[in-house]
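Below is one structure; the comments refer to it alone.
The values are calculated or read from the model by the stated rules, or taken from the named source; none is laboratory data. Nothing here was measured: the structure is a model prediction, and the numbers come from that model. No Cβ is skipped: glycine too gets one built from the backbone with ideal geometry, and neighbour counts run over all protein chains shown. Just so you know, the surface numbers come from the protein's heavy atoms only, side chains and all, with ligands and any DNA or RNA stripped out. Shrake-Rupley method; radii C 1.70, N 1.55, O 1.52, S 1.80 Å.
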Amino acid sequence: DPDAAIDGIKRLLGRVVAILAPEESSLPPTPKGLHSEKEEAKVKDQIIQQLLDAEVGVFGVTYDDMPGTKGDRWVDGVVHVVAWTLRLLPMDGPTEVDVIVEQRKRHAAGKMDWTALGRTILRDLEESFPGQYNQLSLNMRLSKKDGHPLLAYADAVSNTWGGGSKDAKARRRQSGLMGTCLHHGNGPKLMTAWDLLRKGDRLSRVAWERLIHDPDSAAPLGLAHGLLDQVARRCQQDPRLWKRYLEATQGHLESKAIRLAELGRQVDWLQKSKPASKKLLPSLELAWNTARLERSNHLGRVDRDLVESLEKLGDQLFNQHPALVCQADLDRAVLATNLLDFEQATRALDRWKGQPRQVAGLRHWARVQSSLGQHAAFKGDLDRAEEYFGEAIDGFKELENQADARMEISQTGAYRAIAAMDNAEMDLTQVQKHMKEIISLHPGNIQAMAASGEPMEKYAHHLLLRYLVLRGTDREKSSYLKERESWKEDEGHPWPLIQAYRALLLRQQKEDGALPMMERAFELGTADDQGPTVHFIGLTLGLVAMGWGVPDLVVDQDLVELEERIPLARDRIQLMRQALGNLSEATEALLLRVLPFNFR
């Protein structure tokens with residue numbers, strides 16, 4: 001829908017894709033039926049591979065890359081893509097570009113003067129870069145879907161980009177087009193930065209920050225990344241320019257609205273681009289290292305030198321930057337938790353016990369209470385965990401920013417609901433009360449969640465399934481199972497657990513398909529890109545699948561390697577080893593014995 005980004009309407013974003021090819025293109029004709037939704041995945045794989053192998057260009061944007069103008073944004077999208085393509089096109093002497101646009105119902109041939117649109121694009125380029133486009137001829141026209149072979153290729157790229165199926169996601173990831181050829185960022189501001197740098201001008205602090213925070217800035221071959229590299233090279237030769245962006249970052253650090261992920265990207269860039277004579281301030285080093293630890297935690301990596309550096313910087317800067325020090329301590333606690341060192345996780349927060357709310361601020365104070373609640377739950381003290389979670393939620397409710405409050409309450413509320421369903425002394429009514437604070441248990445809402453594969457809903461999805469298996473009513477379980485044909489799968493944690501609880505639910509309800517579902521949970525958890533904690537979860541799920549009858553998923557060497565990566569899991573790994581030697585012990589109960597709290 002071309003108007004998807006207008007007025008906050010939550011629909012699929014429109015996309016505009018262009019294929020740039022020489023007049024004599026080597027691309028073979030696409031198979032018939034490409035425009036059909038029933039086209040087989042292998043055919044689309046073939047088409048995208050043909051594009052990747054050919055000497056052609058691919059460029060695409062989403063509609064939220066453009067100014068939020070009213071009216072026909074499809075035309076805006078076409079003009080925006082053509083304007084970008086001409087900026088990126090290398091030209092040496094007279095050059096002719098033919099633009100063939102796939103027509104739409106509202107835009108049949110003859111209903112719009114595309115020649116005039118082309119003249120407008122050329123005029124704007126000539127005004128921005130005098131003399132650089134005066135040898136370019138631009139011809140634009142409409143065509144039916146089958147009027148030009150490249151239109152089918154553009155369609156295939158667009159479908160791959162926007163497709164929600166497992167095949168489309170895999171093709172999208174493996175193609176390498178995302179963030180390099182297909183962009184989802186701040187298009188107009190990006191184009192402004194491109195034009196300024198091409199003219200040799202400097203970027204303002206605001207323009208630099210926009211580039212840093214562009215969604216595609218991490219893609220090495222992307223536009224934003226390339227522009228940042230240009231600015232970095234200038235900064236290495238111009239200390240005053242580097243100081244301009246350092247001051248912008250310090251302003252962010254001193255503000256009351258620190259966005260740690262963005263701050264980390266800023267400091268990371270400053271570190272790489274600084275002149276040889278410059279050094280980061282300790283406060284910025286703390287911000288940078290904290291962001292690095294958050295990334296390591298997300299990826300399941302362990303960097304003990306980084307942890308030691310954060311602890312020392314925290315001691316040094318406690319009185320100057322308490323909120324940032326608190327965030328660093330919270331991240332150190334997360335790392336310890338991932339390594340099953342729950343005592344160390346609590347010790348990482350020792351300096352915050354008994355501190356007034358005003359020291360690090362209400363939000364961080366409440367986060368500390370939430371973390372202490374998690375540590376209590378990991379150690380089996382579910383009543384104390386309930387108290388901590390309640391204190392944290394009460395603190396979050398007082399936050400001025402209601403969006404922040406809802407997000408924090410939702411996350412801590414999920415922990416409280418998990419602890420409640422694990423507490424044998426907590427009656428079903430109280431468990432359901434905690435659940436309903438996070439997710440509706442109405443049959444229609446359960447069915448909607450069952451059919452959802454949205455990344456933003458994955459933790460709530462895991463929470464719902466965990467509840468259904470452990471405490472759910474027959475009616476609630478039936479509501480989830482009604483959508484079985486619509487179940488989806490995505491990558492990353494907690495999808496191994498989502499698939500595992502689906503398998504447990506199927507087995508409880510004596511439905512077919514539990515074994516392959518649990519085997520799939522094992523595969524997701526033990527994928528090569530998973531960190532040690534998720535790998536630990538995946539191996540446990542694999543043992544349960546073996547107990548159900550799936551052969552040869554886990555061997556003893558897997559457990560030996562796991563013990564090397566998570567030494568403090570030794571006792572739990574011994575239980576896994578016993579189950580491996582006697583598969584009659586590899587039942588659902590193994591999950592309760594091996595995996596603590598929200599690791600299951």
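Laid out as a table, the results:
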item: Region 132-225: C-alpha gyration tensor shape, a/c 1.5 cut-off, then a/b vs b/c; result: oblate
item: Helix-only mean residue ellipticity at 222 nm for the chain, each DSSP H run of n ≥ 4 adding -39500 (n - 2.57), per residue, nearest 500; result: -18500 deg cm²/dmol
item: Cα principal axis extents for the chain, largest first, Å; result: 78, 61, 45
item: Peptide ranges 486-497, 123-134, 304-315 listed from the most packed, as the mean C-beta count within 10 angstrom indicates; result: 486-497, 304-315, 123-134
item: Within straight-line cross-link reach of Lys42, lysines at Cα separation under 27 Å, skipping those fewer than 8 residues along the same chain; result: Lys32, Lys144, Lys145, Lys166, Lys169, Lys488
item: Spin-label pair Arg234/Met407, simplified geometry with 7 Å Cα→Cβ offset, distance in nm; result: 3.1
item: Beta bridges by DSSP in the chain, antiparallel share as percent, to the nearest 5; result: 40
item: Peptide ranges 44-50, 271-277 listed from the most packed, as the mean C-beta count within 10 angstrom indicates; result: 44-50, 271-277
item: Peptides ranked, highest mean first, by Cβ atoms within 10 Å: ranges 225-234, 368-377, 210-219, 136-145; result: 368-377, 210-219, 225-234, 136-145
item: In degrees, nearest ten, helix 114-128 long axis to first principal axis of the chain (Cα); result: 80
item: Top positive-direction residue, dipole computed over region 441-535 with Cβ charges, set Ala500, His442, Met517; result: His442
item: Sum of side-chain charges, Leu592 neighbourhood, beta-carbon under 13 Å (Lys, Arg +1; Asp, Glu -1); result: +1
item: Heavy-atom SASA rank of Trp365, Trp84 (probe 1.4 Å, accessible area, largest first); result: Trp365, Trp84
item: Cα shape, region 410-505, gyration tensor, a/c 1.5 rule; result: prolate
item: Solvent-accessible area per residue, Å², over the chain with all protein chains present [probe radius 1.4 Å]; result: 49
item: List Trp74, Trp194, ordered by accessible area with a 1.4 Å probe, largest first; result: Trp194, Trp74
item: Carbon/sulfur fraction of accessible area - the chain, other protein chains in place, 1.4 Å, %; result: 48
item: The chain: angle of helix 73-88 to the longest principal axis, Cα-based, in degrees nearest 10; result: 80
item: Folded to 0 to 90 degrees: helix 41-53 orientation relative to the chain principal axis, Cα; result: 50
